[in-house]
Each structure stands twice: as structure tokens, then as C-alpha cells.
1. Being under 22 Å from Gly15 (Cα atoms), in a helix (DSSP H, G or I) and not hydroxyl-bearing (Ser, Thr, Tyr): is that true of Ile103 here?
2. Within region 28-64, how many residues turn out to be part of a helix (DSSP H, G or I), open to solvent by less than 40 Å² (accessible area, probe 1.4 Å) and among the β-branched types (Val, Ile, Thr)?
3. Might you check whether a residue that is farther than 20 Å from Trp106 by Cβ and either touching a Gly at 6+ places or on another chain (Cβ under 6 Å) or modelled with pLDDT of 95 or more (or both) occurs anywhere in region 45-66?
4. Would you check if Ile9 is hydrophobic (A, V, I, L, M, F, W, C) and over 15 Å from Leu56 (Cα atoms)?
5. Kindly list, by first and then second residue, each pair from a residue in region 4-29 that is within 19 Å of Val74 (Cβ to Cβ) to a residue that is open to solvent by 50 Å² or more (accessible area, probe 1.4 Å), limited to pairs with Cβ atoms under 6 Å and residues at least 6 apart or on different chains.
6. Kindly establish whether Thr12 is in a helix (DSSP H, G or I), open to solvent by less than 40 Å² (accessible area, probe 1.4 Å) and not acidic (Asp, Glu).
7. Filter region 80-106 for residues that are touching a residue at least 24 places away in the same chain (Cβ under 8 Å) and open to solvent by 70 Å² or more (accessible area, probe 1.4 Å); which is farthest from Ile44 (Cα to Cα)?
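The values are calculated or read from the model by the stated rules, or taken from the named source; none is laboratory data. Being a predicted model, the structure only gives us computed values, none of them experimental. Note that we place each Cβ from the backbone using ideal geometry, even for glycine, and neighbour counts take in every protein chain shown. The protein model used for the area step is the full one, side chains on, heavy atoms only, and it has no ligands, DNA or RNA in it. Shrake-Rupley method; radii C 1.70, N 1.55, O 1.52, S 1.80 Å.
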Amino acid sequence: MNKLTITGISFTVIGILVIIWGITLQPINLASPDFMSFATGGMILLATGLCMISNLPSILSVAGIWMAALTTIVYIYSLPDTDLIIKVIGFVPIIALAVWLSITFWK
């Protein structure tokens, strides 16, 4: 195991712990920005960790990227007092980044 793999495993575990911490502090509600901030942060850490682990099947990295992207989209959608068009505009770079990273890790 190299340093990057150890760091990736650490990021993955920390991401899972952040999600668990959010569940203990806030009720699970996908429409609540308070809960979704924990879920989004944890999923981004988890996806980053999966991408850093060497010799991991690329399908797991791509799945982590898309789970983090979908969680971020749900978080943006849950923000109150934001016009729908602003939310949709925020979805575009998230989807573009997820597609680009998926193509990069699939190779």
C-alpha cells in the first residue's frame, strides 16, 4: 500500500463518519439543508477517497462520483428561498464535472 491509498482509505472512512455524525445531529430529511450539508460533505469525502485508492475497480470510483454528484444536486434543490432556475444553473457544472471525472476514471 502506498501513501495515496492510505490517504484514500482515510478519506473514505472520514466521509462515512461525517454522514453518521449528521444522522445523529439532524433527522434524515432530504429536504433539510441542515442534514444535506452533512450528507453532501460526507459523500464528497467518500468519493474523493474512492478515487485515491489504487487497484480499486473503476466502477466503484465512478459510482462514488455519481453518488456525490446526486447528493450535491439534492442539497442544492433543498435550499430554501432560491429560484428554480438558479438551482438548475447550479446543476449544470455538477453534472459536467461528474461526466468528465467518470470518463477520466473509466479509462
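1. Values: under 22 Å from Gly15 (Cα atoms): no; in a helix (DSSP H, G or I): yes; not hydroxyl-bearing (Ser, Thr, Tyr): yes.
So Ile103 fails the test.
2. Going through region 28-64 one residue at a time, the tally reaches 2.
3. Yes, region 45-66 contains at least one residue that is farther than 20 Å from Trp106 by Cβ and either touching a Gly at 6+ places or on another chain (Cβ under 6 Å) or modelled with pLDDT of 95 or more (or both).
4. Details: hydrophobic (A, V, I, L, M, F, W, C): yes; over 15 Å from Leu56 (Cα atoms): no.
For Ile9, the condition - hydrophobic (A, V, I, L, M, F, W, C) and over 15 Å from Leu56 (Cα atoms) - is not met.
5. As it stands, the answer is Gly15/Leu45; Gln26/Asp34, since those pairs meet every condition given.
6. yes
7. Pro80
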